[in-house]
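A short worksheet on the structure shown next.
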Amino acid sequence: MTGVIIAPVLLSPIPVFKAPLSTVVEARDGSLLGARIAEDGQWRFPGIDCVPEKFEKSLLTFEDRYFYYHPGINPVSIVHAMISNFKAGKIVSGGSTITMQVARISKGNKPRTYCQKIIEMFSALKLELFRSKKAVLLMYANNAPFGGNTVGLEAASWRYIGKSSADLTWAEAASLAVLPNSPSLVFPGRNQETLKSRRDDLLKRLYNREYFDSLTLVLALDEPLPGEPKPLPSKAPHLTDYFFIKNRGEMIRTTIDPVLQERATEIINIHQRDLAQNYIFNSSCMIAEVKTGNVLAYVGNSTIENSQAHGGDVDIIRSARSTGSILKPLLYAAMQLSGEILPNTLIADIPTRFPGFSPKNFDQGYSGAVAAGTALSQSLNIPAVKMLQKYNPEKFLGLLHKTGFTTFNKSADYYGLSLILGGGETTLWELTGVYASLSRVLNNYLLEKKYYKDDYHPPVLISGKNTNKKVEERDPPLSASSIWLTYEALQKLNRPESETGWQYFSSSPDLAWKTGTSFGFRDGWAVGTTPRFVVGVWAGNADGEGRPGLTGISAAAPILFDIISLMEAGTWFNTPDEDITTIKVCSKSGFRAGPDCPETVEIPACINGLRSEACPYHQIIHLNKSGTFQVTSDCESASDITNVSWFVLPPAMEYFYRQKHPEYKILPPVAHGCSASKSIPVMEFIYPSSGIKIFIPRDQEGLLTRVIPEVAHRNPSKRIFWHLDETYLGTTRFIHQIEILAKSGNHVLTVVDEDGNSIRCMFSIIGKTG
């Protein structure tokens, strides 16, 4: 007899739930950021870990008082149900326990029949044999129907009440506990009187069982009933969409700070309304914690009204966009580390042309020569290209990969020198992550005087996923000193116009920040770091349309500063004294001081800076006693010659430098009868550069365009005579440019001034010119 009973039980299937689940995204405190409906159109959240106490007591009081005492079926309840059904002449009661309901729900709530009831009983008995009471109760809470397309306690709690089930009041728990019994009858928003009657009756029973006091009962009875389903929170819609694709059907506990997320979203939307007046329709931001890399705010795009009509659904944080000049700080840091430049080494800022590439500064002007730190803080393009040319694009591309960029997946030849000006693409996700890594490297070195491989890692979005181990790095991509020097330069950036007087606000934290603008005014970037936080901002149009005024400084930087104002102010990075040295540099050139530099100053620099080039611009020149002419021993007696150290830039640099630096002293003329010093050239080609290969395009009429060489002369009033391959072309004065039309092949361009000084340049014309 026993075997007759046990065999069906053992052969019965254990209830299993395989229905698709909703994708649920939580903030770090467990609050809901957003959710996406399951594939079958049901709001069915992934299971909670434990049943909240108030709901458990409410449910068991209403449905199954003897749940913890029966083996899965309650014979007394079954007998009562059979009597009721017999009297009614139809099935009006099933006598089901919680366990039996779990068995029925797992089968899809099939029609109630006596045969089906027997199957449920056997399944319930087997479930109780192999699962604990808590596990059975959890299965019920996670899969019970709560009306409409809402399944499970957590989904019901958020949809009907707008909070987590862990935070339910007694009245709310009681309201939800009575729903699965007949969800279509007492669906919230309908039949409110029936729902209230059942809820209030349950509350009184709970009071009688001494689960709470009389005051709690009175307050609970006065609480309003749940109404129509509420819209689920949508605090991070683009992040929710991301997880819907990557982790569909899961409940993800993220690192997001819900308060900071809401504030950052509000700031983005406020600025977006202003940007939209210039037909700039999209903006995004991301905030990361330096120490852990945890993402604290993820605003993938603005969420203002009608944003979907302008690409508002695009997650900009994950979208690859042209970098503009946002990578310049990494090049500056790399060259500090290698010792190729010092913080304020003069870099040429003159007209520069490469085959198919002619960089221009944003203001279309030239400074002649500019300190490297100033070039970085003012985001000058030509000095950046000159620096990359010296450093080597392939070497720089390798550095980008080592620091965490993965979007630069072409060869260095593909990018060329344009890499530093937006020739490649990255995402706001990677950009913010790399700057967080740099700050992490500096922080950890200041604390432990060591470098770790895992300091460079992507941002962290899921709580508990940051399990990096500290493995010491002997050859870090960038040193603490190079990062610190770069941040010092980035602190000197001019703030946006809207931030006039920013330095007077004690609540404004120290900030190293950089902006970037892509070619065609398509992307505006801004990124800023403190020792604790990194903020990345992008503004533009998701479809790539450029707009006048769409620059990093005007569109993205104001957002950056409003977000930074939310962050706690802290102390700035200390100087990494063990990784830094003091170098005596020339006051005017910023190079390591040479023997001819009259004025020097000591500055902090990377240790490799001790091997950097000595000042090439200070030279000893020989003057007559009055200092009005250059002389030599061939035309002046030695006793009448005065030796003076003179700051002399090359002719092209000097030509533009003089225009912005009236204090610059040009060389005195050479005395009559004396020969000029061969070590100081009087003229220089601006274009073409020696060895360049030039492709001659055709104009709209199909005619070949002309090459326009240009020469800088220390005395522009001098006449210059031009020759191409020994054929005389013409004479220029003051503006030394001339048009030439040359055939394919190698050519020699020679210029001679009226004093007999000459220079020549060899270049090649490629392509068909016939």
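The values are calculated or read from the model by the stated rules, or taken from the named source; none is laboratory data. The structure presented is a predicted model; accordingly, all values stated were derived computationally and were not measured. Cβ sites come from the backbone with ideal geometry, for glycine too, and all protein chains shown count toward neighbours. Heavy atoms of the whole protein, side chains included, go into the accessibility calculation; ligands, DNA and RNA do not. Shrake-Rupley method; radii C 1.70, N 1.55, O 1.52, S 1.80 Å.
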Inset, instruction - Being in contact with a strand residue (DSSP E or B) (Cβ under 6 Å, 6 or more places away or on another chain), open to solvent by 50 Å² or more (accessible area, probe 1.4 Å) and farther than 23 Å from Ser307 by Cβ is the filter here, so list the residues in the stretch 235-263 that pass it. - result: Arg248, Met251, Arg253
Inset, instruction - Answer yes or no: is there a residue in the stretch 238-257 that is free of Cβ contacts under 8 Å to residues at least 12 places away in the same chain and either in a helix (DSSP H, G or I) or in contact with a helix residue (DSSP H, G or I) (Cβ under 6 Å, 6 or more places away or on another chain) (or both). - result: yes
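Rundown of residues vs (1) modelled with pLDDT under 85; (2) assigned to a strand (DSSP E or B); (3) among the polar types (S, T, N, Q); (4) open to solvent by 30 Å² or more (accessible area, probe 1.4 Å), yes/no style:
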position: Ile694; (1), (2), (3), (4): no, yes, no, no
position: Glu701; (1), (2), (3), (4): yes, no, no, yes
position: Val711; (1), (2), (3), (4): no, yes, no, no
position: Pro716; (1), (2), (3), (4): no, no, no, yes
position: Phe721; (1), (2), (3), (4): no, yes, no, yes
position: Tyr728; (1), (2), (3), (4): no, yes, no, yes
position: Thr731; (1), (2), (3), (4): no, yes, yes, yes
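Quick grid of which residues meet (1) within 21 Å of Thr750 (Cα to Cα); (2) open to solvent by 80 Å² or more (accessible area, probe 1.4 Å); (3) assigned to a strand (DSSP E or B):
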residue	(1), (2), (3)
Met653	yes, no, no
Phe656	no, no, no
Glu663	no, yes, no
Ser677	yes, no, no
Pro681	yes, no, no
Phe685	yes, no, yes
Ser689	yes, no, no
Inset, instruction - Report, by residue number, each residue of the stretch 534-563 that is closer than 25 Å to Gly293 by Cβ, hydrophobic (A, V, I, L, M, F, W, C) and in a helix (DSSP H, G or I). - result: Ala556, Ala557, Ile559, Leu560, Phe561, Ile563
Inset, instruction - Would you mention how many residues in the stretch 357-407 are surrounded by fewer than 21 Cβ atoms within 10 Å (Cβ to Cβ), of a type in the set (Gly, Ala, Ser) and more than 26 Å from the chain's Cα centre (by Cα)? - result: 2
Legend entry - Residue check for Ser463: hydroxyl-bearing (Ser, Thr, Tyr) and open to solvent by 50 Å² or more (accessible area, probe 1.4 Å): yes
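For every residue, the table says whether it meets (1) closer than 14 Å to Ser58 by Cα; (2) in contact (Cβ under 8 Å) with a residue 24 or more places away in the chain; (3) polar (S, T, N, Q); (4) in a loop (DSSP other than H, G, I, E, B).
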residue	(1), (2), (3), (4)
Trp158	no, yes, no, no
Lys163	no, no, no, yes
Ala173	yes, yes, no, no
Ser182	no, no, yes, yes
Thr194	no, no, yes, no
Leu202	yes, yes, no, no
Leu232	no, yes, no, yes
Legend entry - Selection count, the stretch 564-616, where residues are in a loop (DSSP other than H, G, I, E, B), farther than 19 Å from Gln336 by Cα and open to solvent by 30 Å² or more (accessible area, probe 1.4 Å): 11
Inset, instruction - Look at the stretch 618-651 and say how many of its residues are touching a Leu at 6+ places or on another chain (Cβ under 6 Å) and under 30 Å from Lys390 (Cβ atoms). - result: 0
Inset, instruction - Name every residue in the stretch 35-54 that is part of a loop (DSSP other than H, G, I, E, B), closer than 19 Å to Lys163 by Cβ and touching a strand residue (DSSP E or B) at 6+ places or on another chain (Cβ under 6 Å), in order of residue number. - result: Phe45, Pro46
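Yes/no per residue for (1) over 16 Å from Asn143 (Cα atoms); (2) open to solvent by 20 Å² or more (accessible area, probe 1.4 Å); (3) hydrophobic (A, V, I, L, M, F, W, C); (4) touching an Asp or Glu at 6+ places or on another chain (Cβ under 6 Å):
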| residue | (1), (2), (3), (4) |
| --- | --- |
| Ser31 | yes, yes, no, no |
| Trp43 | no, yes, yes, no |
| Gly47 | no, yes, no, no |
| Cys50 | no, yes, yes, no |
| Thr61 | yes, no, no, no |
| Tyr68 | yes, yes, no, no |
Inset, instruction - State whether the residues of the stretch 209-218 include one that is open to solvent by 90 Å² or more (accessible area, probe 1.4 Å) and assigned to a loop (DSSP other than H, G, I, E, B). - result: yes
Inset, instruction - Kindly establish whether Ile696 is touching a Gly at 6+ places or on another chain (Cβ under 7 Å), of a type in the set (A, V, I, L, M) and in contact (Cβ under 8 Å) with a residue 60 or more places away in the chain. - result: yes
